[in-house]
């Protein structure tokens with residue numbers, strides 16, 4: 001009888017969408033929660049420490065969030081710390097890598113990481129539903145939080161510089177329009193959607209682009225189909241997004257393509273080295 | 001289903017809160033933030049066109065250049081903890097624990113203030129005017145599918161102690177925040193609601209029967225929580241020690257037995 005009662009103790013989510021619908025955990029998350037809530041706290045902690053995602057007892061991020069929320073409600077600092085340690089172990093590399101890719105300077109990454117974690121945990125511990133999204137789609141919720149922190153960082157940097165940001169191209173802004181042809185362009189997303197190996201290849205190529213703004217412009221054009229400019233005022237453009245002239249954007253993208261080409265040459269050279 | 005539309009707010013903080021909700025929903029939508037979906041959202045929320053555009057652009061950047069947790073390879077280790085990563089994790093832990101302890105302090109203050117404010121009201125008002133969201137802890141447990149024995153086991157209290165708390169025979173100013181939080185968690189109520197419940201006037205047990213030739217009375221004074229624990233012969237020794245080790249709420253007066 002006690003087990004049946006425990007089954008009903010997964011608290012419902014309370015956050016609503018703009019159309020009034022309650023957030024809902026995916027069925028696989030709900031199912032795992034029911035298993036977890038039948039277990040003792042000690043068992044939950046043991047499972048939370050599992051690192052092998054293939055294990056049937058590997059605790060999903062969304063469920064880990066739920067357990068952290070419960071530990072907060074119970075004011076159990078030991079349990080909270082143990083569970084949060086597991087969650088941060090999983091997502092800290094994602095956070096720091098994302099912040100770097102977004103252009104956060106190396107000395108500022110730790111502070112930005114701290115902000116992301118503080119805001120994420122505040123939401124998870126809140127009892128007004130702010131953390132519900134983390135129990136629905138943890139990856140997306142985390143990405144949203146990273147973007148929010150980055151947006152704040154970016155505004156601060158802009159204010160601090162008090163100038164239109166430009167940097168990374170020692171040749172200057174407007175002169176070099178000549179596109180450097182790629183020796184081998186990374187495949188368009190339509191060819192590789194869902195292919196993990198090619199995603200790794202793309203990430204490697206993108207990491208080779210030295211300036212984060214060039215990387216962003218390159219991604220928007222090549223992977224999300226953004227136009228550099230458009231006569232349609234409602235069309236989102238790369239030029240509009242950055243507040244730069246189309247000529248500047250084309251220079252950025254050319255520079256990014258050159259960086260990718262150089263990376264590709266280096267890759268090919270490494271592959272040809274005798275073993 | 002009723003469609004709820006949020007009205008635009010003029011206050012900066014509310015705008016920020018509204019923007020956060022909108023971005024969260026955009027992130028949650030399928031297929032997600034992209035050039036293709038952006039015009040739809042900008043049409044709906046033109047006042048946030050710039051923020052939505054930035055969000056979609058950087059979402060795409062992270063999709064392709066950052067980590068996407070949904071696309072991690074199966075079987076990969078979830079924790080890659082080299083030395084630098086471990087240091088960063090500890091930095092994150094520090095931030096997380098700061099949030100936890102700040103919240104604990106704020107909640108303890110809120111609970112103490114709520115209890116003190118309730119107790120400070122005149123006895124007359126306390127007995128009739130005050131209402132809390134909870135009529136009875138046991139009934140509240142029943143509403144969430146928890147029987148009395150399950151509630152007792154879940155919060156680790158004896159029958160006697162739980163009944164005293166339910167009947168509000170314990171001085172609310174002496175009840176540790178942890179006990180209030182555990183009960184709130186078990187019955188799925190806010191901590192403040194449970195604290196307010198404890199501040200109501202003591203009551204008889206439901207269904208109690210009394211001799212007709214004598215008016216039933218309640219104890220003159222509520223019992224100190226720690227005295228109740230100390231004098232409870234049915235609690236396990238280890239559990240008794242745990243409860244007695246809990247911090248006494250700020251502002252409560254130590255009982256005579258406490259100082260022995």
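The alpha-carbon atoms of segment A:57-117, seen along their principal axes, cover 38, 25, 13 angstrom, with the largest extent given first. Projection of the Cα convex hull of segment A:1-119, averaged over all directions and equal to a quarter of that hull's surface, yields 9.7 nm². Extending 7 Å from the Cα toward the beta-carbon at both residue B:227 and residue B:201 defines two label points whose distance is 2.2 nm. Among the residues of B:23-31, the average count of other protein chain beta-carbon atoms within 10 Å of the residue beta-carbon is 5. Overall size of segment A:195-275 from C-alpha positions, given as principal axis extents largest first: 55, 26, 16 Å.
Evaluated over the Cα positions of segment A:87-141, the convex hull gives a direction-averaged projected area, one quarter of its surface, of 3.8 nm².
Modelled spin labels at residue B:85 and residue B:20, positioned 7 Å past Cα toward Cβ, are 3.0 nm from each other. Once the Cα-Cα distance is subtracted from the 0.36 nm per residue extended length, the residue A:57 to residue A:265 segment shows a gain of 70.5 nm. Over all projection directions, the Cα-based convex hull of segment A:15-70 averages an area of 4.4 nm².
With the simple model of a label 7 Å out from the Cα in the direction of the Cβ, residue A:232 to residue B:37 spans 1.9 nm.
Each reported figure results from applying straightforward, stated rules to the coordinates on display, with no laboratory input. Fair warning: this is a prediction, and the values are worked out from it, not measured in the lab. Glycine gets a Cβ as well: all are built from the backbone with ideal geometry, and neighbour counts include every protein chain shown.
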